[in-house]
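Okay, structure first, notes after.
The values are calculated or read from the model by the stated rules, or taken from the named source; none is laboratory data. Keep in mind it's a predicted model, so treat the numbers as computed, not measured. Here the Cβ is made from the backbone with ideal geometry for all residues, glycine too, and neighbour counts use every protein chain on show.
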Amino acid sequence: MRYITRVLAISAVFSVLVASSLACAMTVAGPTPPGSPIPISTDAAGQLATIWKEAKVNPTNGQFSVVINETQLTSFLAYKLADWKDAPLTNPQAYLRDNKIEIYGTASAGTITTTVSVAFSTTVTADGAIALQVASANFGPVPIPPDLLTRLSLLVNEGLTGSLSEMATGFKITSVVILDGQMTIVGAVAKQ
């Protein structure tokens, strides 16, 4: 009888430990960024606004070319997300590779925390603005379904490109090339 009591007591303690560990937050492995962590700085975030101002003041024959690097974009994104109450992403990292903007960060859903990745392709609209389309996205090891990718594309274009468009007011963009850690935006200063 003592043996059965001990087994039941040990089973009860084990069950409580398992149940409590399941109720706690869980971290799940997710996608791995394609490079080393990118530093975040207020100087780099502020450089984006300065780059656009200089392009507007000093165009060459009405044309401009702006080069943005991963540190500037990551810092800009980090400070934008810091202003967003209940931001869906923390610790953002923006990589500029193979004509895509790849954003990695940490996200939570319920008790699960994981790495998220979203890859954007860029296009230029007929009116000379940048448009982003979500090419792929993963929440941890799970790809996000196509219908959610469409909704995510709309959200990103309203949010992120809205902020970029504010800086690019007065410009008509003709091309965007993303390669080797840099995004080159070319266009013309709009006639006033």
Discussion item. Quick check on V66: is it under 15 Å from the mean Cα position of the chain (by Cα) and surrounded by 19 or more Cβ atoms within 10 Å (Cβ to Cβ)?
Written reply: no
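Does Y95 satisfy the condition of being buried (at least 16 other Cβ atoms within 10 Å of the Cβ), modelled with pLDDT of 90 or more and aromatic (F, W, Y)?
For Y95, the condition - buried (at least 16 other Cβ atoms within 10 Å of the Cβ), modelled with pLDDT of 90 or more and aromatic (F, W, Y) - is met.
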Worksheet entry | Where a residue in the stretch 103-131 is within 17 Å of V186 (Cβ to Cβ) and its partner, wherever it lies, is in a loop (DSSP other than H, G, I, E, B), with Cβ under 6 Å and at least six apart | A131/T125
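Take the residues of the stretch 100-136 that are surrounded by fewer than 14 Cβ atoms within 10 Å (Cβ to Cβ) and not β-branched (V, I, T): which is farthest from Y79 (Cα to Cα)?
A126
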Response to the item:
Filter the stretch 35-63 for residues that are more than 24 Å from the chain's Cα centre (by Cα) and touching a residue at least 12 places away in the same chain (Cβ under 8 Å); the one that is farthest from L96 (Cα to Cα) is G62
Practice prompt. Of the numbered conditions (1) modelled with pLDDT under 80; (2) outside any helix (DSSP H, G or I), A19 fails exactly one; give the number of that condition.
Written response: (2)
Practice prompt. Would you please name the residue that is modelled with the lowest pLDDT, looking only at residues in the stretch 103-137 that are among the hydrophobic types (A, V, I, L, M, F, W, C) and in a loop (DSSP other than H, G, I, E, B)?
Written response: A129
Practice prompt. Name the single residue, out of those in the stretch 24-41 being of a type outside the set (S, T, Y) and within 15 Å of S108 (Cα to Cα), that is modelled with the lowest pLDDT.
Written response: C24
